[in-house]
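Data first, discussion second: the structure below is written as structure tokens.
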Amino acid sequence: MSSRLEKHPILSFDRGKKISFNFDGSEITGYEGETIAAALHAAGVRVLSHSIERNRPRGFYCAIGNCSSCMMEVNGEANVKVCVTMLEEGMTVRTQEGKGELL
Ligand code: FES
């Protein structure tokens, strides 16, 4: 189920090209010009990471790169803040376990 706004009374949406990426083994689509977190949120993904000590779910929080709620593994790189990382065609995005592995 998509939670993407299609119409708004005062805003217009000029979406870029539709692109696809892989999230935890599933293909998801988003639009050029949006962040990974925005595309995941629109696809219904609400849990982006888990707290390190108690493994509690963490989701979209500050959306400006200031907290650590959205750190995921992107193209094999751990601890990427997906709320400030732009979506690219063919990316591989994974839910990160713990502190993530350094390359
Ligand atoms: S949601 Fe806070 S850094 Fe991404």
#### Entry: Matching entry among Lys81, Lys99 (being of a type in the set (Lys, Arg) and more than 10 Å from the ligand (Cβ to nearest atom))
Lys99
### Summary
For Leu48, the lone unmet condition from (1) loosely packed, with under 12 Cβ neighbours inside 10 Å; (2) aliphatic (A, V, I, L, M); (3) at pLDDT 95 or above is (1)
### Message
For the stretch 51-85, which positions are of a type in the set (A, V, I, L, M, F, W, C) and either part of a loop (DSSP other than H, G, I, E, B) or surrounded by fewer than 14 Cβ atoms within 10 Å (Cβ to Cβ) (or both)?
### Response
Ile52, Phe60, Cys62, Ala63, Ile64, Cys67, Cys70, Val82, Cys83, Val84
### Close pairs from the stretch 52-66: first more than 14 Å from His41 (Cβ to Cβ) and modelled with pLDDT of 95 or more, partner aromatic (Phe, Trp, Tyr) and near the ligand (Cβ under 6 Å from one of its atoms), Cβ under 6 Å, at least 6 apart
none
### Verdict on Ile64 being out of contact with any Ser or Thr (no Cβ under 9 Å at 6 or more places or on another chain) and of a type in the set (A, V, I, L, M, F, W, C)
yes
### Task
Could you list, in sequence order, all residues of the stretch 28-59 that are of a type in the set (A, V, I, L, M) and more than 11 Å from the chain's Cα centre (by Cα)?
Ile52
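The values are calculated or read from the model by the stated rules, or taken from the named source; none is laboratory data. None of these values were measured; they are calculated from a predicted model. Ideal geometry is used to build each Cβ from the backbone, glycine not excepted, and the neighbour counts take in all protein chains shown.
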